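Remarks on the structure that follows.
Laboratory data are not the source of any read-out in this text; all were calculated from the coordinates shown. Quick caveat: nothing in here was measured; it's all calculated off a predicted structure. In this analysis, Cβ positions are derived from the backbone assuming ideal geometry, glycine residues included, and neighbour counts consider all displayed protein chains.
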Amino acid sequence: MRHFPPSNRRAAHTLVELVVALPAFAILCVAAASALKVTLQSRALDQSSFQRQYDSAATLQVLTEYLAQAQAFALTSPGTVEFDLPPLDATDTPARAKLAWSGTSRVPNNTLFLTLNGQEAEYLTGQVTNFNLAYQTETLNILPPQQDLSLLARHDTASLRTPQSFSISTTQWCATSFVPTLAVGTANWQLTGIRFRAKRGTGSGNLIIRICATDAAGLPSLPILAEETLASTDLPQVYEWRQVCFSSITELAPAARLAVVWGASSGSGVIAHIEYQTGSTDDTPNLEFVQSANGGGSWGARNNLADIRLFVYGNYNNYTGNRQILRGVRVTAQIQQTTGSIMYERSVTLHSPPEIP
């Protein structure tokens, strides 16, 4: 009989051993599958959360870029703001943007919308649980702009009306009251000078020219805002235009009616003559002619059919003092995520700081 050497191979598992091992292997497979599923779900959640965070950050970036170009702001409600943007097309017409948050604090699924020029609202992001715009303002003392000399009132229709001569003495005075013609929106104005026609009288003394306030009847009254003097010897022998300048009559209300008064402070006889005109109609209703027989102590009624030939010059502006300027906006937005909420904050410096109305 032939004998074989003993084998080094391990004997195979018996059927009993396999039957016992199969349940254990199944348990291990189930555990491994569960672990893999949890890992994949966690990764999906992380990717989703990252994507939402990225989208929210991008949304806030777009929002802040719009705000940085804003030229005017109007807060219409706690969660809505409207502002102007530079033209978005070739029409050179400013665009109107409206940013609206639909919710209230701590309420999920609220959305943030942006509307341009009244078109359909564009969805920016959802699940915004808090939204706030904090305005960063600055108070500036803006100086009034320098205006060119303007003609504020006038009467000079020599060819249509009858010329007259008023004789000035220490008792006989004349005046004209006027309301200036100003641009719409004028805040205040100043009187810088007048032109009128005058000539020398037969007497001697000084001609005075006053700028006065008027009373409720539109007659010359106190206070005297300015006064200048011309010697009778400096006046021409025939009527000529004379000019008088003023520097202290400023910050006048737009509807203020003033009076220009011609009189004599000293001397004797007729010191000067002032040219005026009469007619059958009132062609300059904002100017009114009046006379005094007691050196300006009292005045007669206004005569709307007579007017002194007169030009009134000055400046006007829309300066109202301190102005509030919007320098920047701090944007705060809280957005709900799967793993919790994220707070975004951005400070925006406006390229062209608008004035706050």
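How much length is gained if the chain between GLN119 and SER204 is pulled fully straight, taking 0.36 nm per residue apart and subtracting their Cα-Cα distance, in nm to one decimal?
22.8 nm is the gain from fully extending GLN119 to SER204.
Rounded to the nearest 0.05, what FRET efficiency is calculated for THR171 and THR233 with R0 set to 25 Å and r the Cβ-Cβ distance?
Details: r = 21 Å, r/R0 = 0.84.
So, using R0 = 25 Å, E works out to roughly 0.75.
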